[in-house]
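Contents: one structure, followed by commentary.
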Amino acid sequence: NPVVPVRTTMAATAALKREGLVRHVGVSNFSLERWREAERAMLGPVISNQVRYSLVDRAAEDDLLPWAQAHDRIVIAYSPLGQGVLSGRYDEDHPPTGIRASSATFLPENLRRVAPLLGALRDVAAAHGVTSAQVALAWLIARPNVIVIPGASSVEQAESNAQASDIELSPEEDRALTD
């Protein structure tokens, strides 16, 4: 199957929007250039871009997030716990098993590099009586124009994720995590 250019796909979607069959349009994993190109092809806003974004994967902050904030668009953050590394369950002494074990995120040198962040997450979590994962989600939720979509493998995990929206980080805590 050949790759369909953004302009062609968005033109077809724009036609569906004009017919009233589509109300809003979002994209996934678009660079800023492609997002803007999609808007030009749609002759209007493409309201969201779903991208990988977390405390350990902050590339969206380079251009996507500032642009979204300036233009009233949304960045939808997937993998907000960095494939689980921000859950606090894994470190150099407790590496994951299974599929995660083959991910570069969990290489010993990367687990060493993320150790200060995991320490900061644990400190903030202890201060609030919550989990590291909840703090990592709360940090993202506090970003303007960001919606977070964490995965959950149980009802308890889904409830825990939802409770992250109740956590209010102090400016000092936010800065410690950001730094």
The condition from (1) β-branched (Val, Ile, Thr); (2) within 26 Å of ILE74 (Cα to Cα); (3) open to solvent by less than 50 Å² (accessible area, probe 1.4 Å) that ILE141 misses is numbered (3)
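How many residues does segment 70-85 contain that are within 15 Å of the chain's Cα centre (by Cα) and open to solvent by 60 Å² or more (accessible area, probe 1.4 Å)? Steps first, please.
Going residue by residue through segment 70-85, those that are within 15 Å of the chain's Cα centre (by Cα) are 73-85.
This time we only want the ones that are open to solvent by 60 Å² or more (accessible area, probe 1.4 Å), so: 83.
Looking only at that region, the number is 1.
Of the residues GLY20, GLY44, only one is loosely packed, with under 12 Cβ neighbours inside 10 Å and assigned to a loop (DSSP other than H, G, I, E, B); which? Lay out the reasoning, then the answer.
Details: GLY44 fails: loosely packed, with under 12 Cβ neighbours inside 10 Å.
Checking each option against the conditions leaves just GLY20.
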Where a residue in segment 18-36 is within 17 Å of HIS71 (Cα to Cα) and in contact (Cβ under 8 Å) with a residue 12 or more places away in the chain and its partner, wherever it lies, is of a type in the set (A, V, I, L, M) and assigned to a loop (DSSP other than H, G, I, E, B), with Cβ under 7 Å and at least six apart = HIS24/ILE47; VAL25/VAL46; VAL25/ILE47; GLY26/VAL46; GLY26/ILE47; VAL27/VAL46; TRP35/VAL46
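Against the condition of a type in the set (D, E, K, R), free of Cβ contacts under 8 Å to residues at least 60 places away in the same chain and surrounded by 15 or more Cβ atoms within 10 Å (Cβ to Cβ), how does ASP166 come out, does it pass? I'd like the intermediate steps shown before the answer.
Values: of a type in the set (D, E, K, R): yes; free of Cβ contacts under 8 Å to residues at least 60 places away in the same chain: yes; surrounded by 15 or more Cβ atoms within 10 Å (Cβ to Cβ): no.
No: the conditions fail for ASP166.
The values are calculated or read from the model by the stated rules, or taken from the named source; none is laboratory data. Values in this document were obtained by computation on a predicted structure and should not be read as measured data. Heads up, the Cβs are rebuilt from the backbone with ideal geometry, glycines too, and the neighbour counts pull from every protein chain shown. For the accessible areas, the whole protein counts, side chains as well, though only heavy atoms, and no ligand, DNA or RNA atoms are used. Shrake-Rupley method; radii C 1.70, N 1.55, O 1.52, S 1.80 Å.
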